[in-house]
Amino acid sequence: MIRVRRGIEAVPAYGVGRLGSAEDPANQGFVQLISNESPFAPLPSVSDAISRAAAGANRYPDFDGVVLRARLAEVHGVEAEQIVLGCGSIEVCHQAAAIAAGPGSEVLHAWPTFPEYTTVAALSGARVRRVPLTQGRHDVDAMADAVSEQTRIVFVCNPNNPTGTALTEAEVAHLLDKIPSTCLVVVDEAYAEFADAPEFGSALNLLGAHENLLVLRTFSKAYGLAGLRVGYGITSAEVASLLRLAKIPFSVGSVALAAAIASLDAGDELAARIASVKAERHRVATRLTGRGWKIPPSQANFLWIAADEDRAAAAVRRCAESKVLVRRFPDGVRITVGAEEENTRLLDALGSPDGLPPTGVAAASLAGR
Ligand SMILES: Cc1ncc(COP(=O)(O)O)c(C=O)c1O
């Protein structure tokens, strides 16, 4: 056996949320409401850009993603040098850990939240400190109070995965004001396009006042490009130049770059898709709360059902029996909002909290999916 870094065995593995190959006959007919993806295939204009870029795939992609970064700078009203790209926004989380965390340091985030923050921190060798949500929301004062001399990164997921709850701009500003400027604050806005003011406020407006702020966005969710892997961070030019040191060279491929640029050109069509997901979110939430499920108002493309372990397990099992995959957590179930017919299958499968059968072996075996 090879010798490995101390603590590496304790790093939590990524909780893969989907079935294996879609070509496998055993995986046919499943509705995947488990990974917060878009239910829609790429738009025709984006598919065309993908085909054109694929034809030149014998060449390496643009190293710096110059064109995409220039377009993003225009969209967000910042300088291109403030933007870093990644193979999904998750790569930018790893870049952040590589430049700021490490053995002897601490990384702080809420709980429950996107579990990958723990993995990213643990891989760097940092200690992880989790601050419980209060009534399903980030407790910004408790998080700021938990920052110590050793804290190098604070991750804030807004809107939060898995609860769908959001922070206002004033709450994010308050948190940033209380955290020392030597500590990197990463505000992950993977689901921002599905959120509305005033419940949600983007940290983008606060970039000018905080050099230590890094805002993450992705093309994986609202833009429907999860399979291509492209995300980005916006921060101060100083932090961006450090993050670029930790970027995996050519990690965003030419097809991903072309698809992201074409998506930015298709704003109206994407806005219509986002609106349809939000309408479905309302329909599903209304139906489920009417049946007695407890669901906080969601600012994302998923719903959180708070439920004890047995009910959560039974709900996941009941859905799986109807070939509907949803994500189980110890204290609830997260359901991605899909296309109308997918959501109707979910509604038919799930039933009401009181109608659920007791937990069994089948539920336990489905928990890791
Ligand atoms: C909060 C959050 N951030 C980041 C990601 C990963 O995004 P990407 O595909 O851009 O790496 C996810 C994926 O589910 C997420 O829920």
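For the reader, a short list of remarks on this structure follows.
- Ala203 crowded, with 24+ Cβ neighbours inside 10 Å and either assigned by TED's automatic domain parsing to the domain that holds Leu108 or charged (D, E, K, R) (or both): yes
- Set side by side, the residues Ala170, Ala240, Ala197, Ala142 differ, and just one is more than 10 Å from the ligand (Cβ to nearest atom) and at pLDDT below 95, which is Ala197.
- Candidates in segment 206-255 are the residues that are in a helix (DSSP H, G or I) and among the charged types (D, E, K, R); of these, the one that is surrounded by the most Cβ atoms within 10 Å (Cβ to Cβ) is Arg244.
- Residue match in segment 70-84 (condition: among the basic types (Lys, Arg) and farther than 16 Å from Tyr223 by Cβ): no
- Failed item in (1) surrounded by fewer than 22 Cβ atoms within 10 Å (Cβ to Cβ); (2) within 16 Å of the ligand (Cβ to nearest atom); (3) under 29 Å from Ser236 (Cα atoms), with Glu37 passing the rest: (3)
- Extreme residue, surrounded by the fewest Cβ atoms within 10 Å (Cβ to Cβ), among residues of segment 78-100 that are part of a helix (DSSP H, G or I) and of a type in the set (D, E, K, R): Glu81
- Hey, Val75 assigned by TED's automatic domain parsing to the domain that holds Asn212, outside any helix (DSSP H, G or I) and either surrounded by fewer than 19 Cβ atoms within 10 Å (Cβ to Cβ) or more than 13 Å from the ligand (Cβ to nearest atom) (or both) or not: no
- Members of segment 59-72 that are surrounded by fewer than 14 Cβ atoms within 10 Å (Cβ to Cβ) and closer than 10 Å to Ser254 by Cα: Arg59, Tyr60, Phe63
- Among residues of segment 280-306 that are within 17 Å of Tyr191 (Cα to Cα) and in contact (Cβ under 8 Å) with a residue 40 or more places away in the chain, those with a beta-carbon under 7 Å from a residue that is part of a helix (DSSP H, G or I) and among the aromatic types (Phe, Trp, Tyr) at least six positions away or on a different chain give the pairs Gln299/Phe194; Ala300/Phe194; Asn301/Phe194.
- Of all residues making up segment 42-95, the number that are more than 24 Å from Ala203 (Cα to Cα) and touching a strand residue (DSSP E or B) at 6+ places or on another chain (Cβ under 6 Å): 0
- Among the residues making up segment 114-130, those that are more than 10 Å from the ligand (Cβ to nearest atom) and out of contact with any Asp or Glu (no Cβ under 8 Å at 6 or more places or on another chain) are Thr118, Thr119, Val120, Ala121, Ala122, Leu123, Ser124, Gly125, Arg130.
- Condition check for Arg6: within 30 Å of Gly164 (Cβ to Cβ), surrounded by fewer than 19 Cβ atoms within 10 Å (Cβ to Cβ) and among the charged types (D, E, K, R): no
The values are calculated or read from the model by the stated rules, or taken from the named source; none is laboratory data. For clarity, every value in this text was computed on a predicted model and none was experimentally measured. Note that each Cβ is placed from the backbone with ideal geometry, even for glycine, and that neighbours are counted across all protein chains shown.
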